[in-house]
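These notes concern the structure reproduced below.
The values are calculated or read from the model by the stated rules, or taken from the named source; none is laboratory data. Treat the numbers as computed from the prediction; the structure is a model and nothing was measured. As a convention, Cβ positions derive from the backbone with ideal geometry for all residues, glycine included, and neighbour counts pool all protein chains shown. For the accessible areas, the whole protein counts, side chains as well, though only heavy atoms, and no ligand, DNA or RNA atoms are used. Shrake-Rupley method; radii C 1.70, N 1.55, O 1.52, S 1.80 Å.
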Amino acid sequence: MGERGQLEASIDRLLNEEKQMRLAENVAGTRKAAMEILKLCFEAKDWKLLNEQILNLSKKRGQLKQNRCLVLYEQGDTIDLIARLYDIKVERSLRLQAVQSMVQQAMQYIDQTPDIETRIELIKTLNNVSAGKIYVEIERARLTRKLAKIKEEQGLIAEAADLMQEVAVETFGAMAKTEKIAFILEQVRLCLDRQDFVRAQILSRKINPRVFNADTTKGKKKPKEGENMVEEAPADIPTLLELKRIYYELMIRYYSHDNEYLEICRSYKAIYDIPSVKENTEQWIPVLRKICWFLVLAPHDPMQSSLLNATLEDKNLSEIPDFKMLLKQVVTMEVIQWTSLWNKYKGEFEKEKSMIGGSLGDKAGEDLKLRIIEHNIIVVSKYYSRITLKRLAALLCLTIEEAEKHLSEMVVSKALIAKIDRPSGIICFQMAEDSNEILNSWATNLEKLLDLVEKSCHQIHKETMVHKAALRA
């Protein structure tokens with residue numbers, strides 16, 4: 001009881017000192033007194049008293065001055081009213097600075113709490129104190145992240161995700177850019193962990209991928225007068241390039257949900273372009289393998305074709321010749337035999353499960369076969385204007401029903417233009433031209449022909465003149 005009484009006596013003395021300093025408008029003295037009170041509670045390991053003092057010191061003051069202002073306003077005493085309002089403004093400024101210093105100091109005690117319950121109670125107290133106060137919004141965001149981490153460790157993923165979503169760090173002007181990105185990525189990760197893919201997509205759009213291409217070697221600009229000072233990010237926040245990799249790994253998880261192979265490929269391409277990845281053979285080879293696989297798995301379209309050709313020009317692809325051959329087969333306008341292809345690459349396909357990024361997906365094997373069939377149909381359409389269903393099925397190594405089904409799906413998806421005459425069993429890959437288009441093409445051809453005739457006549461006339469001049473000489 002003696003130690004307890006001595007502690008309370010010391011706190012009472014410091015509270016009186018804090019009041020005197022505050023009334024004297026002494027900023028440093030007010031802050032020092034508040035921080036000494038918290039230090040005493042921490043050293044005594046009295047966590048309950050610490051929480052009480054944090055709440056007590058953060059309460060609003062100056063209520064009597066506000067009442068006096070109302071009386072002066074009613075009396076019409078303008079000069080005294082202005083003086084009183086100035087005093088209230090100064091006192092509020094003192095209180096804000098004291099609360100900010102107090103919250104920052106109390107945050108240092110969180111990791112030294114004896115148990116989880118005490119830690120959660122202290123974080124909640126500090127959250128209550130910082131709620132709705134813009135001058136401690138960064139501290140509130142960091143406290144929320146700590147609390148969410150505790151909830152996640154306890155297995156309460158949904159509760160942790162809800163806590164993180166309460167904080168909109170993108171509006172915090174004083175927070176470092178890397179800390180903002182790290183916070184949003186944590187929000188996205190928790191949403192993916194709870195299978196909330198819609199919200200994960202919404203949150204991921206708060207990050208512009210171009211921010212990762214910023215030149216980090218340039219010096220920071222000094223803030224202009226009137227601009228907010230940006231705080232330094234804590235030491236545990238990853239660098240911008242590390243955040244880039246985390247971002248694209250999370251986007252791969254999101255796109256894998258709907259098997260968006262082209263977007264997955266683009267995400268792996270962004271990871272592949274990170275300098276630290278390109279410098280390490282053990283890192284870029286698995287990533288480049290994934291790029292090749294997802295390029296083949298992606299449906300045929302202009303973006304996929306562009307990425308495919310760009311990847312083939314990569315010199316590093318020579319380090320994995322089997323995958324270079326795979327991409328060349330897809331690019332070349334020749335029919336690919338599925339059985340021989342699968343026998344050759346089945347081992348590599350299964351090997352992906354033990355490499356960076358894990359397996360290619362549950363439906364990857366089926367989709368790979370489908371893409372090879374689609375490739376073969378496109379190849380056939382390039383060489384044939386008309387072909388029988390029976391012959392097409394033979395080229396694709398499928399039954400007539402399966403060949404017709406795949407062809408119909410490609411026509412519906414507008415990947416191909418074709419018409420099937422089912423009674424006669426003939427497929428026509430040519431599109432019926434409009435009469436106006438035919439006439440326009442004829443007119444164009446006639447123009448080209450007349451141009452050629454005119455040029456030929458000019459050349460003949462030129463040669464004739466040259467020969468006549470030679471004879472006269």
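Quick notes on this one:
- First in the range 311-334 and without any contact (Cβ under 8 Å) to a residue 60 or more places away in the chain, second anywhere and assigned to a loop (DSSP other than H, G, I, E, B) and open to solvent by 60 Å² or more (accessible area, probe 1.4 Å), Cβ under 7 Å, 6 or more apart: none
- Residue that is nearest to the chain's Cα centre (by Cα), among those in the range 148-167 that are open to solvent by 40 Å² or more (accessible area, probe 1.4 Å) and under 20 Å from Ile207 (Cα atoms): Gln165
- Of all residues in the range 114-147, those that are over 23 Å from Trp47 (Cβ atoms), assigned to a helix (DSSP H, G or I) and open to solvent by 60 Å² or more (accessible area, probe 1.4 Å) total 1.
- Residues of the range 229-251 satisfying the condition of being outside any helix (DSSP H, G or I), among the acidic types (Asp, Glu) and touching a residue at least 12 places away in the same chain (Cβ under 8 Å): Glu231, Glu232
- The residues on offer are Ser267, Ser305, and the sole one that is among the hydroxyl-bearing types (Ser, Thr, Tyr) and under 21 Å from Asp362 (Cα atoms) is Ser267.
- Among the candidates Tyr268, Tyr272, Tyr254, residue that is open to solvent by less than 20 Å² (accessible area, probe 1.4 Å) and in contact (Cβ under 8 Å) with a residue 24 or more places away in the chain: Tyr268
- Of all residues in the range 288-303, those satisfying the criterion of being buried (at least 20 other Cβ atoms within 10 Å of the Cβ) and part of a helix (DSSP H, G or I) are Leu288, Arg289, Lys290, Ile291, Cys292, Trp293, Phe294, Leu295, Val296, Leu297.
- Failed item in (1) open to solvent by 20 Å² or more (accessible area, probe 1.4 Å); (2) modelled with pLDDT under 85; (3) not aromatic (Phe, Trp, Tyr), with Met102 passing the rest: (1)
- The set of residues in the range 165-201 being without any contact (Cβ under 8 Å) to a residue 12 or more places away in the chain and not β-branched (Val, Ile, Thr) consists of Ala168, Lys180, Gln195.
- Test: residue in the range 441-460 that is under 22 Å from Met333 (Cα atoms) and out of contact with any Pro (no Cβ under 7 Å at 6 or more places or on another chain): no
- Filtered by the rule that a residue be among the small types (Gly, Ala, Ser) and at pLDDT below 85, the range 142-179 gives Ala168, Gly173, Ala174, Ala176.
- In the range 202-214, the residues that are part of a helix (DSSP H, G or I) reach residues that are of a type in the set (Lys, Arg) with C-beta atoms within less than 8 angstrom, at least six apart or across chains, in these pairs: Val211/Lys177; Phe212/Lys244.
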